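One structure is given here, and the rest of the page talks about it.
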Amino acid sequence: MAKISHQIMTANRLEDGVVVYLDAQERWVENLSAAAIAETKADAKFLTARAAVAVGERRVVGPYLFPVEPGAARARPLSQREHIRALGPTVGTDFSDSRTGG
Amino acid sequence: MYAYDDFDHAFVRERANEFREQVARRLAGELTEDEFKPLRLMNGLYLQLHAYMLRVAIPYGTLSSAQMRRLAVIARRWDRGYGHFTTRQNIQFNWPKLVDTPDILDSLAEVEMHAIQTSGNCIRNVTADPFSGAAADEIEDSRVWAEIIRQWSTLHPEFTFLPRKFKIAVTGAESNRTAVKFHDIGLRMRRNGADEIGFEVIVGGGQGRTPIVGTTIREFLPKQHLLSYLEAVLRTYNLLGRRDNLYKARIKILLAETGVEAFTDAVEAEWERIRGGALTLPEDEIRRIEAHFAPPLLVAASPDQAFAEAKRAQPDFAAWCRSNLFAHRVPGHAIVTISLKPSGGIPGDATAEQMEAVADLADRFSHGEIRVTHEQNLVLADVREADLFTLWQGLVAAELATANIGLISDIIACPGLDYCNLANARAIPVAQRISRHFSDPALVEEIGPITLNISGCINACGHHHAGHIGILGVDKHGEEFYQITLGGAADDDATVGRILGPSVPYDGVVEAVENVIQTYRNIRTGDERFIDTVRRAGINPFKEALYGTR
């Protein structure tokens, strides 16, 4: 199979905009370390097709693949943008979600 | 301040109801994202890096205490307990859920607020002098005219799909506190030879990837013709502006391509055709709007002895008075700017608790009204000198008493790569590092008046072109670098900053700024302000100091 740089499929969840990743069980998960990693063109094509289905089912918006460097514990995004998307703002304030309802 | 009439109430409620239906249709699959996106943007709802972002309009930056409290409720109930005041005098919530936004818009409508025209290629929220109605150097209250423009431009059918977004600012004072020359249209009130009050019309200013200082195309426009002249400018732009290239679609590019004279001729010809028609403002309508902005009844007072004594007894209070107070038109009163720039803080952010504290203080000391500045601070415009010490104590309790307005730690910063989909580099952490570095109040005061503005990309939401020191984040092969500019200014001597040299890495920004400041301190003469030193000496001394050994 044709090898490519390692990639992960990401999107934002439609209902709340939260960053999600496609895992090997075709679930959209919030944890980058659980994401499926495409290593071949066929993998990437498969993830792209599954993402298109999820868009049609109104689960996510704006899916795309981004390059990562695989690691023992977790994949590391190659871009600062994806690093920040995965871990949240780097502004040093606790922005945990404690909304009171609604 | 302006109070909605039945038409306004009905319009905003209907718009919120319409958006509720649109969200429901999106969630039900009746609208694709491509179909939905322009609809949500028309209601200020973006999709950013981590979540949706809702930009709420604060017309001409004026809020009642009730509105501020409602923003706190929204922050707490539907967001993550804070909001971000922007360089357009608006507020952004960084974490709303799509499913909650109809409820948020309903909640806003209850207090006469909305998110209309905070996005899209339309006439955006009109900005105005945050000291309107209170400034000692004011000719007229600019909010009256901003409100008239708001009513004219809201859902204007001809100008809802312009080539690009369109920003208008109004200033009614001698001092330009609205960056009026960096707007698509800047309106400056002035008197003509007959002592009549009208507008200087400045067109084609802007920042972004092509920063340009606006050009005056009409020295004096009688007030009653404001809307017909604006309509002539907008119509000319709408007809001639480019739609084939996103980066060449702003009016500043049209003005540069057609030439000022030809553009002005086209505007004047159109104006001649429509002037004196339905858009001529009747005097009674101007009076009606003016009545909404009638200043509070303030009794002139002699200098307050207790105020003077408190300054002597409390050095921190005295320092805050030196930097955060501005001259009021009524003796014995002051305009108070509340800094949203604590050391190491996020420029423009306020927690729900701080919003409520400001609302309470506004009720107690400033007639229940709050202003938002384009520098991302808040203003209480009408405070008695005798109340200043108690007000300051309230601000201290709310962690809002930073004494740094107009000083180096009063940094403008866009959300940058921490939040924004368009950004190339982070802006907020850079601001945090710089403000921590310059956290010694005595040093900050000794450095003196200076503006330091940071943008995370060339779109320049952080106004870096107009900063005395400007910092622009760029992406170099996946790494964040920062270009330093010097000599920018947003005031009457509006100038685009000049690039100092090669960009510096993220970890080198503080050192670079420190180097620039040290150079300034070494070469300034007497009490010379930073910007005056740069204008006198040019950028070469700074360039040599920063790059000389490289």
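The values are calculated or read from the model by the stated rules, or taken from the named source; none is laboratory data. Here the structure is a predicted model, which is why all the values come from computation and not from measurement. Glycine gets a Cβ as well: all are built from the backbone with ideal geometry, and neighbour counts include every protein chain shown. The accessibility values were calculated without ligands, DNA or RNA, using every heavy atom of the protein model including side chains. Shrake-Rupley method; radii C 1.70, N 1.55, O 1.52, S 1.80 Å.
Results, tabulated for the structure shown:
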item	result
C-alpha center-to-center spacing [the range B:358-407, the range B:64-95] in angstrom	17 Å
Shielded residues, the range B:77-121 - accessible-area loss of 50 Å² or more between chain alone and all protein chains, probe 1.4 Å	B:ARG77, B:ARG80, B:LYS97
Cα centroid of the range B:105-151 to Cα centroid of the range B:419-435, whole Å	27 Å
Apportionment of accessible area to carbon and sulfur, the protein assembly as shown, percent (1.4 Å)	51 percent
Under the span-like rule (Cα at least 24 Å along the axis, Kyte-Doolittle mean at least 0.5), DSSP H helices of chain B	none
Helical contribution to [θ] at 222 nm, DSSP H n ≥ 4, -39,500 (n - 2.57), averaged over chain B, rounded to 500	-11500 deg cm²/dmol
Neighbourhood net charge (10 Å Cβ-Cβ; Lys/Arg +1, Asp/Glu -1) for B:GLY61	+2
Residue-count net charge about B:ALA413 - beta-carbon cut-off 13 Å; Lys, Arg +1, Asp, Glu -1	-1
Cβ-derived FRET efficiency at R0 45 Å, B:TYR247 paired with B:GLU511, nearest 0.05	0.85
Rounded, prolate or oblate (a/c below 1.5 giving rounded, otherwise prolate when a/b exceeds b/c) for the range A:3-87 by Cα gyration tensor	oblate
Heavy-atom surface of the protein assembly as shown, accessible at 1.4 Å and reported per residue (Å²)	40 Å²
Point-to-point label distance, B:GLU290-B:THR210, nm (Cα→Cβ direction, 7 Å offset)	4.0 nm
Those residues of the range B:12-27 for which accessible area with every protein chain present is at least 30 Å² below the isolated value (1.4 Å probe)	B:ARG26, B:LEU27
Computed FRET value (nearest 0.05) for B:ARG273 with A:ILE4, which takes r as the C-beta separation and R₀ as 51 Å	0.25
Buried solvent-accessible surface, both chains (B, A), 1.4 Å probe, Å² to nearest 100	2700 Å²
Three-way shape label, the range B:305-397, alpha-carbon gyration tensor, a/c 1.5	prolate
Too-long pairs where the Cα-Cα distance tops 18 Å, listed order kept, from B:LYS167/B:LYS252; B:LYS97/B:LYS341; B:LYS181/B:LYS252; B:LYS223/B:LYS252; B:LYS165/B:LYS252; B:LYS167/B:LYS248	B:LYS97/B:LYS341; B:LYS223/B:LYS252
Alpha-carbon centroid distance for the pair the range A:13-90 / the range B:296-321, whole angstrom	58 Å
Charge tally in the Cβ shell below 12 Å around B:ILE286, where Lys, Arg are +1 and Asp, Glu are -1, B:ILE286 excluded	-4
Three-way shape call for the range B:356-484 based on the alpha-carbon gyration tensor, with the a/c threshold at 1.5	prolate
Listing of the range B:378-422 residues, each with accessible area lower by at least 10 Å² in the full protein assembly than in the chain alone (probe 1.4 Å)	B:LEU417, B:ASP418, B:TYR419, B:ASN421
Accessible area, probe 1.4 Å, largest first, for residues B:GLU158, B:GLU219	B:GLU219, B:GLU158
Projected label distance in nm at B:ARG20 and B:ALA194, using a 7 Å step from Cα toward the beta-carbon	5.3 nm
B:ARG433 paired with B:ALA136, simple spin-label distance in nm, labels 7 Å along Cα-to-beta-carbon	4.0 nm
